[in-house]
1. Identify all residues within the stretch 1-30 that are within 13 Å of P110 (Cα to Cα) and either over 29 Å from the mean Cα position of the chain (by Cα) or crowded, with 20+ Cβ neighbours inside 10 Å (or both); write none if there are none.
2. Taking the conditions exactly as written (within 12 Å of M3 (Cβ to Cβ), assigned by TED's automatic domain parsing to the domain that holds E20 and touching a Gly at 6+ places or on another chain (Cβ under 8 Å)), does T153 satisfy them or not?
3. I'm checking my understanding of the structure. Among residues of the stretch 331-348 that are assigned to a loop (DSSP other than H, G, I, E, B) and charged (D, E, K, R), which one is farthest from G207 (Cα to Cα)?
4. Could you list all residues from the stretch 264-320 that are touching a Leu at 6+ places or on another chain (Cβ under 8 Å) and at pLDDT below 85?
5. Kindly state which helices (runs of 4 or more DSSP H) lie completely within the stretch 50-159 and contain at least 1 residues that are touching a strand residue (DSSP E or B) at 6+ places or on another chain (Cβ under 6 Å), at pLDDT 90 or above and not small (G, A, S).
6. Looking at R221, is it of a type outside the set (V, I, T), more than 26 Å from H321 (Cβ to Cβ) and either in contact with a Gly (Cβ under 9 Å, 6 or more places away or on another chain) or not assigned by TED's automatic domain parsing to the domain that holds G117 (or both)?
7. Do the conditions hold for L151, that is, is it within 30 Å of D127 (Cα to Cα), within 23 Å of the chain's Cα centre (by Cα), crowded, with 20+ Cβ neighbours inside 10 Å and not charged (D, E, K, R)?
Amino acid sequence: MKMVVQVKLLPTPVQAAALEATLHACNEAASWVSEVAFERGQFKNFALRKHTYDTVKTRWGLGAQAAQHAIKKTCDAYTALKANLKAGNLGRLGSRRYRQATEKPIAFRPQGAQPYGDRMLSWQIPDRTVSIWTTGGRIKHVAFTASVEQLATLALHRKGESDLLERDGMWFLIATCEIPEAVPNTDPVDFLGIDLGIVNIATTSDGEILAGRAVNRIRVRERGLRAKLQKKNTPSAKRRLKKRRRKEARRAKDINHKIAKHVVAEAERTGRGIALEDLTGIRERVRLRKPQRATHSSWSFAQLGQFIAYKARKAGVPVVHVDPAYTSRTCAECGHIDKANRVSQAWFACRNCGFVDHADRNGSRNIHARAWGLWRRGAQSTAPAPPRTSGREAGRKRRTTASDARCASPGPLVPGS
């Protein structure tokens with residue numbers, strides 16, 4: 001199973017300047033290659049290399065490996081764009097967003113990620129340093145920081161490309177690792193149902209509520225502060241906004257990792273599988289009042305599902321996705337379905353048998369029952385696990401996510417913790 005590990009580089013000012021010049025040169029070259037590809041309508045790697053390779057090397061001073069990676073990065077960005085257009089992620093054919101994505105070549109940001117192969121980058125993991133190629137020559141002993149777990153993963157499982165990127169003045173390396181999967185549990189004793197919600201992020205069929213109102217209070221406070229700063233629109237407000245950007249995304253990612261880790265550990269400990277709702281397209285299907293839209297759209301349930309899926313694969317825990325229809329209106333005791341059963345956001349009271357329970361816990365029990373029924377009828381794991389990809393494909397997905405193309409809608413980043 002392919003995963004990535006992100007480590008933070010700690011370059012000296014001289015080393016940082018060399019890395020910045022290299023990243024700018026590589027992305028400027030990739031943008032030029034993109035223009036050539038767009039004009040010629042040629043998006044295949046080897047065919048495009050014939051028209052651009054020599055110019056990229058001489059004009060921007062890139063080495064052979066760096067030039068090839070810049071060309072391949074451009075081709076991968078167009079492949080990702082084509083996939084997003086086909087999937088409808090950039091609007092309908094002829095829409096404004098669709099035309100914006102297709103009527104001009106893809107441009108790469110100066111700080112966009114640049115792939116490095118083993119010939120351009122070497123890791124000295126015990127010393128926590130790397131030796132890395134730059135346009136000014138190879139620089140050695142660039143320090144990086146990582147946890148003990150990350151160091152062990154890098155030492156044992158690192159394989160393939162690593163991506164160099166700059167974010168908010170900080171430098172990172174994202175390394176590809178191939179992690180062995182555990183032997184899958186093909187005979188779970190039961191399933192742990194997980195109900196996902198706005199107020200309570202996740203509720204298990206065991207009755208445990210993971211994250212809830214405390215998290216929502218922080219999100220509302222952050223959203224209000226962001227609105228005030230945007231309204232103020234002074235230089236100091238803009239600096240503060242820039243400093244706080246991505247903060248909510250980092251918090252959500254951290255909480256999602258913790259929830260996923262806890263759920264998978266509990267399922268593994270008890271020999272159970274995990275049952276999740278299939279929420280594909282939920283944002284398009286649900287219509288909400290304006291005050292509810294920000295709350296509904298501000299949590300990444302797809303990310304949480306991906307985290308649970310890949311952690312479950314590592315642990316050998318089966319994952320089943322079930323139809324979420326009417327799980328919040330169905331009585332977990334008698335099966336009676338009625339809209340009136342859902343008394344409030346928090347409470348469920350069956351109109352047929354009188355059963356009363358927390359609404360999210362009742363929903364998670366329904367999810368558990370559906371998953372167990374599917375499994376007994378022979379349906380194996382239906383988790384949308386990431387396909388087994390080559391190193392080149394994994395690199396393309398990682399670079400698109402890491403921030404190279406403005407026009408292409410990025411794919412999901414396979415987490416590394």
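The values are calculated or read from the model by the stated rules, or taken from the named source; none is laboratory data. All of these numbers come straight from a predicted model, not from anything done at the bench. Neighbour counts run over all protein chains shown; Cβ positions are idealised from the backbone, glycine included.
1. L19, T22, L23, A25, C26, N27, A29, A30
2. On the way: within 12 Å of M3 (Cβ to Cβ): yes; assigned by TED's automatic domain parsing to the domain that holds E20: yes; touching a Gly at 6+ places or on another chain (Cβ under 8 Å): yes.
Yes, satisfied.
3. Per the stated criteria, the residue is D338.
4. Result: L279, H296, F301, A302.
5. So the answer is 64-87, 148-157.
6. Details: of a type outside the set (V, I, T): yes; more than 26 Å from H321 (Cβ to Cβ): yes; either in contact with a Gly (Cβ under 9 Å, 6 or more places away or on another chain) or not assigned by TED's automatic domain parsing to the domain that holds G117 (or both): yes.
Spelling it out, R221 is indeed of a type outside the set (V, I, T), more than 26 Å from H321 (Cβ to Cβ) and either in contact with a Gly (Cβ under 9 Å, 6 or more places away or on another chain) or not assigned by TED's automatic domain parsing to the domain that holds G117 (or both).
7. Here the answer is no, as L151 does not meet what is asked.
Residues are listed down the side, and each one gets a yes or a no for (1) assigned to a strand (DSSP E or B); (2) modelled with pLDDT of 90 or more; (3) crowded, with 21+ Cβ neighbours inside 10 Å; (4) over 28 Å from the mean Cα position of the chain (by Cα):
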| position | (1), (2), (3), (4) |
| --- | --- |
| R351 | no, yes, no, yes |
| G354 | no, yes, no, yes |
| I367 | no, yes, yes, no |
| P386 | no, no, no, no |
| T389 | no, no, no, no |
| R392 | no, no, no, no |
| G395 | no, no, yes, no |
| R399 | no, no, yes, no |
